Amino acid sequence: MFEDFYGFNRTPFSRDIPTDQLYQSHRIEETLGRLEYAAERQQFIVVTGDCGTGKTTTIRRFKDTLDNSKFKVMYLADSKLTPRHFYKGLLEQLGCEAKFYRGDAKRQLHKEIELMKGIHKLQPVVIVDEAHLLDREMLEEVRFLLNFKMDAQSPMALVLVGQNELWERLKLQSYAAIRQRIDVICRLPHLDRAEVGDYVKRHLEYAGADHDIFSENAIDEIFKFSGGAARMVNKVCTHCLLYGAQNKRRIIDDHMVKLVIQGELV
Ligand SMILES: Nc1ncnc2c1ncn2[C@@H]1O[C@H](COP(=O)(O)OP(=O)(O)O)[C@@H](O)[C@H]1O
Ligand SMILES: [Mg+2]
């Protein structure tokens with residue numbers, strides 16, 4: 001494929017880019033800082049952003065950088081999450097088989113978390129990705145997680161990650177009880193033009209490229225088409241690299257980007 005033509009030893013613009021090879025913008029650094037702070041203080045944090053802006057990737061990085069000897073991360077990303085599956089999923093990650101009834105599983109989870117904190121001195125961090133897809137019942141259930149002890153201390157750090165609709169919903173009056181408990185809100189914005197340039201460079205560097213493949217004008221077009229969403233940048237760049245390799249073009253210019261977008265992406 002195009003890797004040979006461009007002399008890459010890894011594939012750029014792929015999903016599985018290791019988290020120590022990511023492009024790091026100021027905003028991503030800031031989000032990671034807030035996540036870490038929320039983990040340490042056992043807070044409730046909501047991370048929102050449009051689709052493809054790098055939410056899940058940022059969470060992957062957060063998981064990888066958290067100190068394993070201090071924190072136990074539990075991660076769920078199931079669009080059809082029901083309360084039973086929720087408790088089952090969390091308990092499985094703690095190495096336990098969940099009791100059948102929801103109420104029992106809930107008590108069981110709280111007990112396990114208490115044990116983990118008391119005996120192993122691990123602070124729990126529960127992450128629910130794709131949280132914009134949760135229905136009301138599930139969102140309420142998530143809130144109950146924070147409620148199970150009467151004392152003021154929070155039982156865990158809770159991270160809800162989702163598209164912007166999540167925040168639109170939480171703003172509704174009927175979600176006030178949940179909203180009031182949120183300690184921190186972070187939004188991952190789209191990349192700006194300069195950031196898209198740096199982002200593309202980072203992926204090419206990771207792949208082992210020895211020169212800039214996309215011209216500055218090409219980056220302008222990529223920015224315009226992608227709107228600065230990482231996933232769309234990946235898509236355009238991958239299509240351009242395929243086209244470029246087929247047509248033996250070492251440098252990809254704006255004309256080629258336009259051609260590829262018109263021919264393959266719109
Ligand atoms: N900081 C980053 N560095 C490198 N690639 C990234 C970064 N953020 C996102 N990506 C790429 O963009 C794609 C989409 O990001 P993702 O985290 O899945 O978005 P979201 O969860 O917001 O929909 C990922 O598969 C990854 O390849
Ligand atoms: Mg995601």
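Between N68 and C96, the C-beta separation translates, for a Förster distance of 22 Å, into a calculated FRET efficiency of about 0.70. Among N164, N234, N217, the largest mean-square fluctuation in a Gaussian network model of the chain, built with springs joining Cα atoms closer than 10 Å, belongs to N217. For the residue pairs K201/K248; K70/K111; K80/K111; K55/K106, the C-alpha atoms sit more than 22 angstrom apart in K80/K111; K55/K106.
Taking the range 51-77 and a reference point 7 angstrom along Cα→Cβ of K111, no backbone N atom is nearer than 18 Å. For a paramagnetic label modelled on E205 (point 7 Å from Cα along Cα→Cβ), amide N atoms under 12 Å away belong, within the range 11-32, to 21-25.
Apply the a/c threshold of 1.5 to the C-alpha gyration tensor of the range 112-198 and tell me whether it is rounded, prolate or oblate. Don't jump to the answer; show the numbers that get you there.
Working: a/c = 2.60, a/b = 1.47, b/c = 1.77.
Oblate shape, in that a/c is at least 1.5 and b/c is the bigger or equal ratio.
Between D220 and D78, the C-beta separation translates, for a Förster distance of 41 Å, into a calculated FRET efficiency of about 0.60.
What the Cβ-Cβ distance of E40 and V266 gives, at R0 = 51 Å and to the nearest 0.05, is a FRET efficiency of 0.65. Placing a label point 7 Å from the Cα of F5 along the Cα-to-Cβ line, the residues of the range 197-234 whose backbone N sits under 14 Å from it are 213-214.
Just so you know, all these numbers are worked out from the coordinates, no wet-lab data involved. In this text the structure is predicted, and so the values were computed from the model without any measurement. Virtual Cβ from ideal backbone geometry, glycine too; neighbours counted across all protein chains shown.
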